[in-house]
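*Asks:* One structure is given below, represented as structure tokens, and several questions about it will come after.
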């Protein structure tokens with residue numbers, strides 16, 4: 001396909017320090033950044049301003065579903081921007097209706113609300129839970145330890161990680177956490193104020209921890225029994241990343257009763273827009289009209305431009321059978337990482353995940369790991385991967401996540417395994 005816009009010209013001078021200075025002087029320092037200044041990308045690769053190429057197995061933290069510079073996304077942006085970029089949600093427009101229809105067809109009977117990010121989608125589900133329980137005085141949402149639900153005030157209250165709460169007390173009331181994959185703990189935590197339970201199908205920031213089939217089925221039964229909403233945060237683990245549209249669909253494959261499983265609400269974002277900001281939540285049919293006119297809104301949510309991009313991404317995924325690709329290439333990558341863990345247990349302790357949402361847990365106290373000892377092992381390991389030409393995402397102190405584009409080719413996964421092995425072999429030696 002002919003490029004609609006030309007590729008950016010190469011930057012010949014090394015301007016790393018100048019760009020970093022711009023950030024230090026003008027950007028709020030709320031992120032810990034690696035010493036890489038990116039210029040452009042193509043497919044599964046990113047390039048820094050010195051011209052160095054990196055295989056991107058981080059995917060913008062599970063966002064870049066079609067990789068970088070995909071012509072279909074550019075085409076959708078240009079085509080829709082020539083028609084209309086934004087209208088307020090006082091009016092109807094076809095792209096939003098078509099996108100909602102597509103998502104409903106992939107999940108089940110219900111309706112969608114559109115916003116701009118994952119945490120906004122979660123905020124919508126929190127409001128849904130409060131609306132659901134309001135007349136009975138129920139407002140509480142039970143979440144899990146090591147979960148991550150965003151960085152708004154309600155998002156950090158829902159999140160089961162103390163590090164994101166630090167300095168922002170008092171927490172928004174109505175959220176409590178219990179151990180993940182522990183049905184008995186969830187049942188014991190319920191109170192007369194509980195309105196909903198929210199879990200991730202696979203904990204991402206919590207270390208790539210999948211829910212067990214029994215846990216998901218047990219939560220559905222518990223919510224039915226206690227008349228609670230079962231909400232799933234699928235911001236990171238959804239949108240075909242695991243080899244099915246939603247991670248719970250992959251986890252429950254072939255499990256008795258799994259084909260009937262549906263949560264009451266699902267939050268989505270990240271891969272949905274492939275890098276263009278869009279979030280959404282789906283609500284199951286019995287509760288889809290709880291949030292009536294005036295009860296929730298988003299100025300930019302569901303814009304014609306955002307919805308056109310998301311629809312184009314769905315079209316590419318279905319045409320190129322990327323659901324199958326995520327499964328097949330993910331299985332290949334996971335097998336290679338498992339073999340590496342068996343070969344070098346002093347560096348890689350465990351490998352886990354599904355499809356193209358994979359994590360390796362580093363062994364504690366790797367003796368030869370270079371770098372600033374005040375930094376976590378995961379950050380120091382990431383720096384070694386960067387030096388080798390590969391990008392990945394730390395999760396906590398010991399976990400490295402691999403969240404590449406779902407159109408990653410097997411030859412690229414093979415290249416990634418060789419780069420990871422070169423780093424691991426150095427540490428094991």
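*Asks:* Please state which of the following conditions residue 53 fails to meet, knowing it meets all the rest: (1) farther than 25 Å from residue 235 by Cβ; (2) touching a residue at least 40 places away in the same chain (Cβ under 8 Å); (3) touching a helix residue (DSSP H, G or I) at 6+ places or on another chain (Cβ under 7 Å).
*Replies:* So the condition that residue 53 fails would be (3).
*Asks:* Got a number for residues in region 338-365 being farther than 16 Å from residue 207 by Cα and surrounded by 20 or more Cβ atoms within 10 Å (Cβ to Cβ)?
*Replies:* Count: 2.
*Asks:* Against the conditions (1) surrounded by 18 or more Cβ atoms within 10 Å (Cβ to Cβ); (2) closer than 18 Å to residue 120 by Cα; (3) in contact (Cβ under 8 Å) with a residue 40 or more places away in the chain, where does residue 232 fall short? Just the number, please.
*Replies:* (3)
*Asks:* Scan the helices (runs of 4 or more DSSP H) fully inside region 289-397 and keep the ones with 3 or more residues being touching a strand residue (DSSP E or B) at 6+ places or on another chain (Cβ under 8 Å) and either under 30 Å from residue 116 (Cβ atoms) or outside the structural domain of residue 248 (by TED's automatic domain parsing) (or both).
*Replies:* 322-343, 377-388
*Asks:* Does any residue of region 237-247 turn out to be farther than 19 Å from residue 270 by Cβ and either assigned by TED's automatic domain parsing to the domain that holds residue 394 or buried (at least 22 other Cβ atoms within 10 Å of the Cβ) (or both)? So that I can check it myself, show each step before the final result.
*Replies:* Kept after step one, since they are farther than 19 Å from residue 270 by Cβ, are these residues of region 237-247: none.
No.
*Asks:* Something else now. Under 6 Å between Cβ atoms, which residue pairs at least 6 apart in sequence (or on different chains) link something in region 94-108 that is under 12 Å from residue 245 (Cβ atoms) with a partner that is assigned to a helix (DSSP H, G or I)?
*Replies:* 102/314
*Asks:* Let me ask something else. So for region 162-183 (the condition being surrounded by 22 or more Cβ atoms within 10 Å (Cβ to Cβ), assigned to a helix (DSSP H, G or I) and in the same structural domain as residue 302 (by TED's automatic domain parsing)), does at least one residue qualify?
*Replies:* No; the residues of region 162-183 include none that is surrounded by 22 or more Cβ atoms within 10 Å (Cβ to Cβ), assigned to a helix (DSSP H, G or I) and in the same structural domain as residue 302 (by TED's automatic domain parsing).
The values are calculated or read from the model by the stated rules, or taken from the named source; none is laboratory data. Here the structure is a predicted model, which means the values were calculated and not measured. Heads up, the Cβs are rebuilt from the backbone with ideal geometry, glycines too, and the neighbour counts pull from every protein chain shown.
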